[in-house]
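Report on the following structure.
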4 protein chains.
Amino acid sequence: MIIIIQCRDRVGLVSAISGALSKAGLNIINMDEYVDKAENRFFVRLNVEQPDGTTLHEDDLKPLLPDDAVVTINPSPEKKIVVMVTKEYHCLADILVRNYFKTLGATVQAVIGNHNVLQDICQRFGVPFHYISHEQESKAHFEDAIVDTINNYNPDYVVLAKFMRILSPEFVARFPMRVINIHHSFLPAFIGANPYRQAYNRGVKIIGATAHFVTNDLDEGPIISQQTIHVNHSYTAQDMMKAGREVETSVLANALQLVLHDRVFVYKNKTVVFE
Amino acid sequence: MIIIIQCRDRVGLVSAISGALSKAGLNIINMDEYVDKAENRFFVRLNVEQPDGTTLHEDDLKPLLPDDAVVTINPSPEKKIVVMVTKEYHCLADILVRNYFKTLGATVQAVIGNHNVLQDICQRFGVPFHYISHEQESKAHFEDAIVDTINNYNPDYVVLAKFMRILSPEFVARFPMRVINIHHSFLPAFIGANPYRQAYNRGVKIIGATAHFVTNDLDEGPIISQQTIHVNHSYTAQDMMKAGREVETSVLANALQLVLHDRVFVYKNKTVVFE
Amino acid sequence: MIIIIQCRDRVGLVSAISGALSKAGLNIINMDEYVDKAENRFFVRLNVEQPDGTTLHEDDLKPLLPDDAVVTINPSPEKKIVVMVTKEYHCLADILVRNYFKTLGATVQAVIGNHNVLQDICQRFGVPFHYISHEQESKAHFEDAIVDTINNYNPDYVVLAKFMRILSPEFVARFPMRVINIHHSFLPAFIGANPYRQAYNRGVKIIGATAHFVTNDLDEGPIISQQTIHVNHSYTAQDMMKAGREVETSVLANALQLVLHDRVFVYKNKTVVFE
Amino acid sequence: MIIIIQCRDRVGLVSAISGALSKAGLNIINMDEYVDKAENRFFVRLNVEQPDGTTLHEDDLKPLLPDDAVVTINPSPEKKIVVMVTKEYHCLADILVRNYFKTLGATVQAVIGNHNVLQDICQRFGVPFHYISHEQESKAHFEDAIVDTINNYNPDYVVLAKFMRILSPEFVARFPMRVINIHHSFLPAFIGANPYRQAYNRGVKIIGATAHFVTNDLDEGPIISQQTIHVNHSYTAQDMMKAGREVETSVLANALQLVLHDRVFVYKNKTVVFE
């Protein structure tokens, strides 16, 4: 049994929660707890052994906690996601493979592409592909078509796996803290377009990638995971892009593992990640 | 207030502990908890906010726990260590610098060397240096002299900072789980002498270092910390040794931070490390 | 134009080679050169700009070099490989994806499995799968069937992508320095079976993977690439295996990039890798 | 013998250089060569074995090269440096230790501090310390005093080892490409003051450090070396600063090794680093 709680901090929260578990005959196997003192917020994730016949409901815990408490018991173990892509295959293929072998922690319901070059790989894995071109359409129409398609599936998360169009605040507002993006730089460096070209021009010795939730401000949402790799003077912007693909794939895979296994809390513009 | 507990696992331990804290008016800021299911052992480290006038004693907790429980409240914040060296300076110098600037988490009481080449650096930092040569002495006499010197200081830990003589089981038995060694390979690869020569001969692409507690079996004690770095074909054994110094220094520094801040539990031949 | 040379070292080799290139009107863009002084061996890899109308043949260089020189000009840019697997999908799927998107640097001609669980993924990518069971067959018959299948394709390399049967010296002798294996530990630690179980029992704080050429001695062949990641006390052997999959996939992909782009020289039991 | 050349690229440069070496009876042990195609610039660093009685002068090579060629033969093996600090000890102490044990690749002639808290550690190592306060002085007077002190020593490089005052363009112009700074972030993220505070506010999952040459534009000079480490939600800005010290020390040490062993070329706003 997984129990997740976020609320205002106050003395005695762990005692109240663990007391309730003990009374219900439940044994804590693993407990991650964190208090952000500056914000006075309390976060806990419990992995609990549940003998036959024992039960626990959110209502058993809520009266013991501050009134702003968000309590989740046994979050859905099999999430549903819709993936959005443009032309680059590496993140999508990694997701499709894990989906096929049931190690993703989610089911890929569909893929939406603003180009159709990745249609074939989706078909090979039996995953519906929706080609929604951004050409010959107003941005509003384009996004409406995407929203309609997503809503048909009602996914838990929308994953931007190298989707290269900027989404409007209206779009993002439809799926608050449910859109995950992979950005091809170690944010906050190289915000915006062409980060590898920017990195090349600056002569950096490391490049990286960042997975984050999407908010209204471009590339400014809460960061979930980041990694970097070393490069040197011999790397062209093209070489950096190629090397960067490996990091992007790895960072997005890691971020999805964390989010889909309910290890990520969001508050303000930050995340608490219990790895 | 730091509280550390290791004991047999059973249902209700977190509840019992946090209940006692709550009753005493203490608020948990951070709690690291781990149960080794295979061994049925429970480990917890609590960082607790202690308002004026509140107290907690080991005897307040012990009756709530299994009878094998080891409870430590507010372990000594300033440990004492004796360092043993041979000729290589890098780990010792790092320890002396941190000691001098009071960021080591311990006081270096003395340094013991089986050569005297590191005497001058110790004197510059005002740390007593004891030159105990292993030549013209039986091993037993040599070790007796070291033991006597150590016992004069009664340190919490003995740190082998590139001490290149093998210590007898009798010596180790005097300071059980209190001797920390830096081994210049990523154990269990390259046990024993000349690991960089072994690594060179094998043509490895990574080298590393391991900090561990010393037990009777050479290089077989519980591991505290490990790191690796990349090397390539152009590295001679000498180059590996040089590059390895940076890793050795870093791994030992990290292991000492963890041990000296009471973040390391030992059981069987393993460690639980709450970073 | 790529030029690769390995030979005995002597004074004037770079001068002789670059003189011949200059005379032929060829400009060196990039040159990797290494001399193993201990072995007196010379290795060079040149990336050369070739204006229209200029040519260079191995016979233009050979008279300028020691008589043991191995000279390769423009090695086949598109290698052919056969992949061997058992049940684990992660390395194979990564190879199939790169093959499909033409970023592998080779064509996967076929996959051979001693179980048939990975047949479906191969079929989805249109790659022939040969199921050759090791059961109800002598080892000799089993290996003969594999050799026959491989020989039908005449590949440049055979890639063991988590093939979990030990191959006989006779098998290995058929494809000298043409069989590449991914071993699930950072060699030389944890040779042989069940390295993650061994790593768990030893309580290590890092795990890793090694890609190497296969020779008669199990897990003792020349190492191409190695990586490690950090683990901690909370990892079961199963958790290590799961985390290890990501490293195995990454290390094998990296090793294949290096070998398939002719960046790896083998001599004695070592490799020279020009990254 | 070390030979370093930077010039405009053209066909035949390697041939011309290696021909001259061969004629002089010199054998190339190691050769690092790079051409920046976009800028048409050629860089080479040669490590050459020099039998008794052989010689080579810059004038032997210059006629063979484009007229803009900068040729250096046997750059001074023991550079001289002046270090500038404020209050933080970690980078300075690392430099003093390596200086004392003669593994820095340079001699520390003096340390200049705008505070005097690091005077004692310098005295312990017998290195002159100049206390030049920035208070009660105009910036021009302050910098003039520093320039005068530096000029008394005539160092090869000035190393800003956590010197926390911004230097004027006039100051920097006095020592072009001879001032090396350690910046406490992975540039170009978090330019300017308080990068750890900025990193904390942004909620990043990695922090890092950058060693670079100082130019007129703050934190915009050519990058020599960069590293990052992982952090998580539990790090305060203070914790990041503490963890960052280890990276800063390591990056600056690495950059100094590279620069002091003549492995770094500067051109435009970039570096070529032959590691």
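Readers should treat all values here as calculations from the given coordinates under stated rules, not as data from a laboratory. All of these numbers come straight from a predicted model, not from anything done at the bench. Note: ideal-geometry Cβ built from the backbone for every residue, glycine included; neighbour counts use all protein chains shown.
Side notes on the structure shown:
- For the peptides B:48-54, D:183-189, C:267-273, residues were scored by their other Cβ atoms within 10 Å and the scores averaged per peptide; the highest-first order is D:183-189, C:267-273, B:48-54.
- Average partner coverage of D:186-196, which counts Cβ from other chains inside 10 Å: 3
- Under a model in which nothing but the beta-carbon of Lys, Arg (+1) and Asp, Glu (-1) is charged, the protein assembly as shown shows a dipole of about 0 debye around its Cα centre.
- Cα-centre dipole for region B:79-273 with unit charges at Cβ (Lys and Arg positive, Asp and Glu negative), debye to 20: 520 debye
- Nm distances between copies for A:SER234, ranked from closest, using label points 7 Å along Cα→Cβ: 0.9, 4.0, 4.1
- Neighbouring Cβ atoms from other chains, within 10 Å of the Cβ of residues in D:202-211, number 6 on average.
- Scattering curve values for region A:26-92, log₁₀ I(q)/I(0), Debye with Cα scatterers, q = 0.11, 0.25 Å⁻¹: -0.48, -1.27
- Peptide D:228-241 - average C-beta neighbours from other chains (10 Å radius): 3
- Position A:VAL11, label points 7 Å along Cα→Cβ, spacing to each other copy in nm (shortest first, one decimal): 3.0, 8.5, 8.5
- Cβ-vector label at 7 Å, A:ALA24, separations to other copies in nm: 2.8, 7.6, 8.1
- Sequence ranges D:10-20, B:69-79, D:142-152, ranked by mean other-Cβ count within 10 angstrom, highest first: D:10-20, D:142-152, B:69-79
- Helices meeting the span-like rule in chain B (full DSSP H runs, Cα extent of at least 20 Å along the helix axis, mean Kyte-Doolittle score of -1.0 or higher): B:139-153, B:237-260.
- From the alpha carbon centroid of region A:1-35 to that of region B:146-208 is 42 Å.
- Compactness index (Cα Rg / 2.2 N^0.38 Å), chain C: 1.11
- Region D:171-260: relative contact order as a whole-number percent, Cα under 8 Å and 6+ apart: 31 percent
- When only Cα pairs below 8 angstrom with a gap of at least 6 residues are kept, region D:79-273 shows a relative contact order of 19 percent.
- Calculated FRET efficiency for the pair A:GLU220/A:HIS141, C-beta based, R₀ 30 Å, to 0.05: 0.70
- Cα gyration tensor category, rounded, prolate or oblate, for region B:68-157 with a/c compared to 1.5: oblate
- Overall form of the protein assembly as shown per C-alpha gyration tensor (a/c, 1.5; a/b vs b/c): rounded
- Where rotation carries B onto D, the chain B residue whose Cβ is nearest that axis, in whole Å: B:ARG124, 2
- B:GLU39/B:ASP67 FRET efficiency (R0 22 Å; Cβ-Cβ; nearest 0.05): 0.80
- The calculated FRET efficiency for B:ASN74 paired with D:ASN194, based on their beta-carbon distance and R0 = 35 Å, is about 0.55.
- Peptides ranked, highest mean first, by Cβ atoms within 10 Å: ranges C:116-127, C:57-68: C:116-127, C:57-68
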